[in-house]
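Since the structure comes first, as structure tokens, the remarks are kept for the end.
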Amino acid sequence: MTPVAQVTKAPTVADVEALLARPLLELVFEAAKVHREHHDPSRVQCSQLLSIKTGGCAEDCGYCSQSAHFDTPVKREPLMQVEAVLAAARAAKANGADRFCMGAAWREVKDGPEFERVLAMVREVKSLGLETCVTLGMLKDEQAAKLRDAGLDYYNHNLDTGKSHYGEIVHTRTLDDRLATLDAVRAAGIHVCSGGILGLGETQHARAELLHQLAVLDPQPESVPINALVRIEGTPLANQAPLDWTEIVRAVAAARILMPRSVVRLSAGRTEMHEAAQALCFLAGANSIFVGDELLTTPNPAPSSDAALFAKLGLLPVENRRPAAHAEGTAPAHAHGGSCGHRHG
Ligand code: SAM
Ligand code: DTB
Ligand code: SF4
């Protein structure tokens, strides 16, 4: 058996493909060991999403409810006002989220009043004491610098799928365009959040290409969302075969081994996953989730069911760590059964 250390040094796509093909429980065991070396396995980072501008997007991403190219059930909504975004951010914080992520159905950021409004959103959300994240499409260096100056902590920009499959899914931009935006984000000193989607009809080779591409970014992304396709009526991928849960566990475990210090987020697709499958993902190194009833345009598990899952597994949101550590004479956070999206005590 190849020792993990050899795989992590300079992985090739073939190494990653071999990693994904390992016996499942052996892969999970290796990943769990790596996870424990670099992270507190009881802590889960909790991000809450808000779609600040919905639908009518110029890109033709074959999975997306918000592309103007497809007739989907999503209703177009213009860019929200700052106050309404702040109200949602306050509610997210009250529910235990530690990061607020604002998503816009834009192909790219355009300078002007709308971008200025997004900068105001970032400043104001940051001032609430939340970490800030936005996902706005392609970005130029100067725009990334403005976001940084406004207080942006993370920029989400996914690579989505492997190089050999990319052209099957998106025709209006290239994988190199995505990589150029990640360079701009990195150059501005903003944390990189970049991952992909499983279940787009990709081969194991393409899946390995995606994980490899993420792992060879230097430095590696601080945050790596692993999404399972949410099938959307009206999109070209509406009738894609559902993903087997073991494929999600494998991708999470491989991401953990390949990117030991990154935070790996079990992202879209949790509503379709049994609790036990999610538990295996947490064991295999997932240490972040999206919380709240909705992702951008589709449902997410209810905060109460996530609270129940956290309690069963003995998991805690990172948000609870500081009060628990600092408040003298206070019982540890787990005594309250604290959970993202459903704060107790
Ligand atoms: N327009 C921006 C962009 O594409 O970067 C930001 C919003 S876009 C909705 C953010 C990410 O959500 C996409 O890159 C994709 O990885 C993910 N996503 C979108 N639709 C999805 C779906 N139906 N299932 C799973 N993930 C999805
Ligand atoms: C990410 O990787 N997943 C989130 C976030 N980054 C922006 C989006 C998931 C979208 C799922 C489909 C929807 O709700 O429209
Ligand atoms: Fe959807 Fe983003 Fe693609 Fe636009 S760029 S279609 S919002 S995934």
- Which value, in debye to the nearest 20, gives the size of the charge dipole of segment 5-317 about its Cα centre, when Lys and Arg are +1 and Asp and Glu are -1 at the Cβ? 560
- Task: Would you please put 113-123, 68-78, 208-218 in order of how densely packed they are, using the mean number of other Cβ atoms within 10 angstrom per residue and starting with the highest?
- Result: 208-218, 113-123, 68-78
- Taking the Cα centre of segment 12-78 as the origin and placing charges on Cβ (Lys, Arg +1; Asp, Glu -1), which of Val44, Ala58, Ala68 is farthest toward the positive end of the dipole? Val44
- Query: Per-residue ellipticity at 222 nm for the chain, helices alone: DSSP H runs ≥ 4 residues times -39500 (n - 2.57), over residue total, nearest 500 deg cm²/dmol?
  - Reply: -12000 deg cm²/dmol
- Item | Convex hull projection area averaged over all views, segment 231-291, Cα basis, nm² | 4.7
- Query: In segment 267-298, which residues have a backbone nitrogen under 20 Å from the label point lying 7 Å from Glu233's Cα in the Cα-to-Cβ direction?
  - Reply: 269, 271-272, 294-298
- Query: Across 10 Å bins from the origin, how do the percents of Cα pairs in the chain run, short distances first?
  - Reply: 6, 26, 36, 25, 7, 0
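Report the per residue volume, in Å³, of the convex hull enclosing the C-alpha atoms of segment 1-152. Write out the running numbers ahead of the final one.
On the way: hull volume 28.5 nm³, N = 152.
With only Cα atoms used, segment 1-152 gives 187 Å³ per residue.
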- Note on the structure: For Leu49, the residues 5 or more places away or on another chain with a placed amide H closer than 5 Å to its own amide H are Cys101, Val291
- Task: With no solvent and one equal point scatterer per Cα, compute the Debye intensity ratio I(q)/I(0) for segment 143-255 at 0.10, 0.15, 0.20, 0.21 Å⁻¹ and report its log10, rounded to two decimals.
- Result: -0.31, -0.68, -1.08, -1.15
- Assuming R0 = 22 Å, can you tell me the calculated FRET efficiency for the pair Thr246 and Ala18, based on Cβ-Cβ distance, to the nearest 0.05? 0.85
- Message: Using amide H atoms built in the peptide plane, which far-off residues or other-chain residues are under 5 Å from Ala228 H to H?
- Response: Leu198, Ser267, Ala268, Gly269
- Message: Tell me the per residue accessible area of the chain using a 1.4 Å probe; a whole number in Å² is fine.
- Response: 42
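The values are calculated or read from the model by the stated rules, or taken from the named source; none is laboratory data. Since the model is a prediction, treat every value here as computed from it, not as a measurement. Counting neighbours? That spans all protein chains shown, and the Cβs are built from the backbone with ideal geometry, glycine included. These area figures cover heavy atoms from the full protein model, side chains too; ligands, DNA and RNA do not enter into them. Shrake-Rupley method; radii C 1.70, N 1.55, O 1.52, S 1.80 Å.
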